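Notes follow the structure.
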Amino acid sequence: MNSMAGGGTLLTFPALLLTGESAIQANATSTVALLPGAASSMAAYRDEVAAHRDWLKTLLLPSLAGGLVGALLLLRTPEQTFRKLAPILILFATLLFAFQALVARPAGEPQGPAKPRRLGVAVLAQFLVSVYGGYFGAGIGILMLVILGFLGLSDIHAMNGLKNFFGICINVTAALLFVVNGAVDWGPALLMAAGSTVGGYGGARFARRIGQKKARAAVIVIGLVMGISLLVRQ
């Protein structure tokens, strides 16, 4: 799901909640578990990413800084507060997917090169997205695709590879903080990491063969069901 359309957190986070994890521990565990999947997915897109390596330097620092700030905010959020926020965050991320499907530019449609003002806006937007990513994470892939499109990129495979790289930057800083603070449940994290590694690489290869519409539709349905069910449980 993350390789093709994003939204893996919409499965892993509620799944961990259903096993009895606290909301903050489930979020931290999910962040760590999905890191190998993002790395394996980016490896599958390595050729496309290599052709756009300049963007790696441009958005690297705001991704690292934002991820750290978001993780610090999460660890300082009371458990009950975050549990109440969780279904709202899931529904918000789901709506991002639906919105992105409506505004997505046709593949290959060109845009001009990014101007300095656009670069400044993109750096600020990437920092804010990264703060959200370090705090919760679901939907950041879609937000980053919007930023990359704003900068003029149109190759969906290159954009997926780049957003996976920035996702790794965001989640590595957040994951290190979660590990140091003992917020990760390592049993489920390792099991999910194994699945995300295989799925990340396989999904990237599969994405080249089929369109993303069906995958995105599945993410939207799952997200709505999970968010509404958590609201009902509360």
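Quick note: the coordinates plus some simple rules give every number you see, no bench work behind them. Not measured: the values here are computed from a predicted model. No Cβ is skipped: glycine too gets one built from the backbone with ideal geometry, and neighbour counts run over all protein chains shown.
Summary table
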read-out: In nm, spacing of pseudo-spin labels at residue 229 and residue 179 (7 Å Cα→C-beta vector); value: 3.1 nm
read-out: At R0 = 25 Å, FRET efficiency that the Cβ-Cβ distance of residue 99 and residue 43 yields, to 0.05; value: 0.30
read-out: Ranked list, fewest to most other Cβ atoms within 10 Å of each Cβ, for 47, 185, 54, 155; value: 54, 47, 155, 185
read-out: Taking the C-alpha atoms of region 1-76, convex hull volume expressed per residue in Å³; value: 90 Å³
